[in-house]
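See below for the structure under consideration.
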Amino acid sequence: MALRRLGPSRAESAASSAVLVLLAAAIVWLGAVQSRLSPAVVVATSPPPPAAAPVASADGRVFETAAFLESLAGATPGGPVESYDPETLSDRIDGKAELYLAANFQEMSVRGFSLPSGAHLDVYLYAQASPRDAYAVLSAQRRPGATPSDVSPDAYATQNALYFNKGNHYAELSADRADAATLDALAQAARDLAGRLPAAEPAADGAGAAPDPKTLFPAAGLDAASLRLAASDAMGLAGFSNVYTADYAMPSGAATAFLAQRDTPEAAAADAKAFAGFLAENGYAPQQAQGLPQGAVLLAAPGSFEIIWTSGGYVAGVHDAVSREAALELAAALAAGLKDAVK
């Protein structure tokens, strides 16, 4: 009688062992695959970077403006952020770089975005040395026909673009079309960017409590859209810097008021003397007149009248008035406003 096997044969045992080895290997492989998340999952589950962490370029330079363009509400990035410093700015905006450099330019970053409307949006963010410098660029870039925007107190919009300043930053957002959906998305992106930019730091220990020169121009006859700050070489005089100008329609004709704040009355007097000398070199002659502000001089050339004086640390005046009467009217109004500012 044949004997009955009580256990598996050597072949069966070998086969069983092979199966167990394969199962173990499969378990190890599955564990390894599951531990390696896809890049999309890693991005989705990772915490976002800090909102304004500086971004370093390939050569190690750090651009703080780049961090603000990592994302914008309602817009999809369409390419990498590009950043420029004073040495490379002209590579991006050849022919216009001097405007920014004269206003103490520090850096600029730019990025393209796509909007839900299908439009392309370019966003340029500039860092200047101070809020005054940022305003100088903003005011110099104002286009004819621009309309005020609520993104910031001095912001304005054109048909397909929006321009604003906040603190020491100046921003330009420009779309390639001007339909309603695009303009709504553009404004949304601008508000998001403005909301994340730092505001100007308050002066320490009460310093800098003098009023903003922009607020000292008389309201009557003022063309508000004409208010500008010349960062350098105001009215043609080399070195005459940080001078505010505003155009007026006076009852006796057009004229421009100007105002510049200096650190001391002596510095203001030196600038006033230099500007008067510059005008004399260009054919203007002094005239006598009743009703001039205290210490003011009136200079005239055919069809153009200038008045210059100082008030404390301010250089003030009227530029290129079309009539003597218009110059005197505007000078009187500007001097009255300055009287309250200079104690």
Exercise for the section: Might you check whether a residue that is surrounded by 21 or more Cβ atoms within 10 Å (Cβ to Cβ) and either at pLDDT below 95 or under 18 Å from ALA225 (Cα atoms) (or both) occurs anywhere in the stretch 74-83? Expected result: no
Handout entry: So LEU186, is it modelled with pLDDT of 95 or more, part of a helix (DSSP H, G or I) and in contact with a strand residue (DSSP E or B) (Cβ under 6 Å, 6 or more places away or on another chain)
Key = yes
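Can you name every residue in the stretch 285-294 that is part of a loop (DSSP other than H, G, I, E, B) and open to solvent by less than 70 Å² (accessible area, probe 1.4 Å)? Spell out how you get there, then give the answer.
Residues of the stretch 285-294 part of a loop (DSSP other than H, G, I, E, B): 288-294.
Within the stretch 285-294, ALA289, GLY291, LEU292, PRO293 meet the criteria.
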Practice task
Would you be able to tell me the number of residues in the stretch 250-274 that are of a type in the set (Gly, Ala, Ser), part of a strand (DSSP E or B) and open to solvent by less than 10 Å² (accessible area, probe 1.4 Å)?
Solution key: 3
Practice task
Inspect all residues belonging to the stretch 84-95 and state whether any of them is among the small types (Gly, Ala, Ser) and either buried (at least 16 other Cβ atoms within 10 Å of the Cβ) or within 29 Å of THR215 (Cα to Cα) (or both).
Solution key: no
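State all residues of the stretch 213-241 that are within 20 Å of LEU299 (Cβ to Cβ) and outside any strand (DSSP E or B); if no residue qualifies, say none.
Within the stretch 213-241, ASP233, ALA234, MET235, GLY236, LEU237, ALA238, GLY239, PHE240 meet the criteria.
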Fill in the blank from the handout: Restricting attention to the stretch 158-183, the residues that are open to solvent by less than 20 Å² (accessible area, probe 1.4 Å) and touching a strand residue (DSSP E or B) at 6+ places or on another chain (Cβ under 7 Å) number exactly 10
Practice task
Within the stretch 126-149, identify whether any single residue is of a type in the set (Asp, Glu) and touching an Asp or Glu at 6+ places or on another chain (Cβ under 7 Å), and answer yes or no.
Solution key: no
Handout entry: Tabulated pairs, the stretch 159-180, first within 23 Å of LEU101 (Cα to Cα) and in a strand (DSSP E or B), second β-branched (Val, Ile, Thr) and open to solvent by 20 Å² or more (accessible area, probe 1.4 Å), C-beta under 7 angstrom, 6+ apart or interchain
Key = LEU162/VAL151; PHE164/VAL151
Practice task
Test TYR135 against the criterion of being within 27 Å of PHE240 (Cβ to Cβ), touching a Leu at 6+ places or on another chain (Cβ under 7 Å), in a strand (DSSP E or B) and open to solvent by less than 20 Å² (accessible area, probe 1.4 Å), and give yes or no.
Solution key: no
Problem - Hits in the stretch 143-157 (condition: under 20 Å from ASP223 (Cβ atoms) and either part of a strand (DSSP E or B) or open to solvent by 40 Å² or more (accessible area, probe 1.4 Å) (or both)) - result: ARG143, PRO144, GLY145, THR147, PRO148, PRO153, ASP154, TYR156, ALA157
Exercise for the section: Would you check if ALA199 is of a type outside the set (Lys, Arg) and open to solvent by 60 Å² or more (accessible area, probe 1.4 Å)? Expected result: yes
Exercise for the section: Can you confirm whether the stretch 242-249 contains a residue that is under 24 Å from ARG143 (Cα atoms) and part of a loop (DSSP other than H, G, I, E, B)? Expected result: yes
Problem - Selection from the stretch 295-328 of residues that are charged (D, E, K, R) and either modelled with pLDDT under 95 or part of a strand (DSSP E or B) (or both) - result: GLU306, ASP320
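The values are calculated or read from the model by the stated rules, or taken from the named source; none is laboratory data. The structure displayed is predicted, hence computed values, not measured ones. Positions of Cβ are backbone-derived with ideal geometry, glycine not excepted, and every protein chain shown enters the neighbour counts. Please note that ligands, DNA and RNA were not included when accessible areas were found on the heavy atoms of the full protein model with its side chains. Shrake-Rupley method; radii C 1.70, N 1.55, O 1.52, S 1.80 Å.
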